[in-house]
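The values are calculated or read from the model by the stated rules, or taken from the named source; none is laboratory data. These numbers were taken from a predicted model, which means no experiment stands behind them. FYI the Cβ positions are ideal-geometry reconstructions off the backbone, even for glycines, and counts take in every protein chain you see.
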Amino acid sequence: MAATVVVALFVGSATLLTAHDFWLVPDAFAVTPGGRIELRGQTSSLFPSSLSAVTPDRIVSARVVSANSAVSVRDVSVQGQSLRLAHAATTAGQHLIGVQLAPRTVRESPASFRRYLDLEGAPEARQRYEREGLLPPIGGDSIVRRYAKYAKTVVEVGDGPRAFQRPLDHPLEFVPLSDPSALRVGDTLRVRLVLLGKPAASAYLHAGSVPSGPSARTDTAAARRAAARDVKLETDASGVATVVVTQSGFWNIRTLQIVPADKGSGADWDVHWATLVFSVPRR
């Protein structure tokens, strides 16, 4: 198949029926040098709650990246409905933590794949691929859909050099162009969406927040109310979108992309999911 790219918006109402995002949510967005960075890998359609835990064997890579180093996270386990990650914070400065999950495959009928595109908020992708003659005909042979998920967050360890612009080289990734840790209510965050090493132009994404606090990860009612206020954004020709910070709390940006898979790769279509989580303090 041709390497055509169409970005699919992750629509909240549809994903309640089908899809689960994968987020990295730190227990604390700031720790002291010598302390521990501890995070939860959350899987659900309502940020930042979790319905099930990703098991460690699904992790392709889990890394902590600072301005001058990149190391693997070794302390990984399952706790309840969350994947748990921990890392000793020995270096001062800003740290990015990223997890890439191994892809999984689903075999389905052409009709089922079309329904998937619509349910995941990608009717434009379905219509475009139909116009280009790339979708398999209804009643034709089954297809293989392969999906993978990538999560990223930011933690401060004391004061030190910035790392927010360092890419983690995930197949789909949000790369901040301004510092997420410096944000306050009323500020804007510019992010570039990168797909397979290239800026993703005219890409749709969602951004939203929930109030911070110890109950944020378990209060699904609050998460549902917050999801209803999420905003839809579109990247420009350089793959850049601007998020307006309207309130304090835990913020997330998320998107998915559906692209034809390379021939001979074992799949017909690839679905890439990406999230970025950061915190905005109260004034």
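Scanning region 107-131 for residues that are surrounded by 15 or more Cβ atoms within 10 Å (Cβ to Cβ), small (Gly, Ala, Ser) and at pLDDT 80 or above yields a total of 1. Looking at region 140-166 only, could you name the residues that are crowded, with 19+ Cβ neighbours inside 10 Å, closer than 21 Å to Pro180 by Cα and not charged (D, E, K, R)? Result: Tyr150, Ala151, Thr153, Val154, Val155, Val157, Ala163, Phe164. Within region 47-86, the set of residues being under 21 Å from Tyr147 (Cα atoms) and aliphatic (A, V, I, L, M) comprises Leu51, Ala53, Val54, Ile59, Val60, Ala62, Leu83. For region 54-76, enumerate the residues that are polar (S, T, N, Q) and closer than 20 Å to Ala102 by Cβ. Listed by number, the residues that qualify are Thr55, Ser61, Ser72.
Table: residues versus (1) closer than 22 Å to Arg224 by Cβ; (2) touching a Leu at 6+ places or on another chain (Cβ under 6 Å).
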| site | (1), (2) |
| --- | --- |
| Val25 | yes, no |
| Gly41 | yes, yes |
| Ser50 | yes, no |
| Ile59 | no, no |
| Asn68 | no, no |
| Ala92 | no, no |
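When the residues of region 30-75 are filtered to those that are buried (at least 21 other Cβ atoms within 10 Å of the Cβ) and among the hydrophobic types (A, V, I, L, M, F, W, C), the one that is nearest to Val106 (Cα to Cα) is Val54.
For region 234-245, filtered to residues that are within 19 Å of Val280 (Cα to Cα) and buried (at least 19 other Cβ atoms within 10 Å of the Cβ), the residue that is farthest from the chain's Cα centre (by Cα) is Val245. Consider only pairs whose beta carbons are under 9 Å apart and that are at least six residues apart or on different chains; among these, list those whose first residue lies in region 71-94 and is closer than 23 Å to Arg166 by Cα and in contact (Cβ under 8 Å) with a residue 60 or more places away in the chain and whose second residue is of a type in the set (D, E, K, R) and not in a loop (DSSP other than H, G, I, E, B). From region 71-94, the pairs are Leu85/Glu38; Leu85/Arg40; Leu85/Asp75; Ala89/Arg36; Gly93/Glu156; Gln94/Glu156.
Is it true that Ala14 is modelled with pLDDT under 90 and within 16 Å of the chain's Cα centre (by Cα)? No, not satisfied.
Among the residues of region 246-283, the ones that are more than 15 Å from the chain's Cα centre (by Cα), among the β-branched types (Val, Ile, Thr) and in a strand (DSSP E or B) come to 2 in all. Do you know which residues across region 213-256 are among the small types (Gly, Ala, Ser), over 30 Å from Lys198 (Cβ atoms) and out of contact with any helix residue (DSSP H, G or I) (no Cβ under 9 Å at 6 or more places or on another chain)? Selection gives Gly213, Ala221, Ala222, Ala223, Ala226, Ser248.
Filtering Leu96, Leu134 for residues that are at pLDDT below 95, out of contact with any Gly (no Cβ under 8 Å at 6 or more places or on another chain) and not charged (D, E, K, R) leaves a single hit, Leu134.
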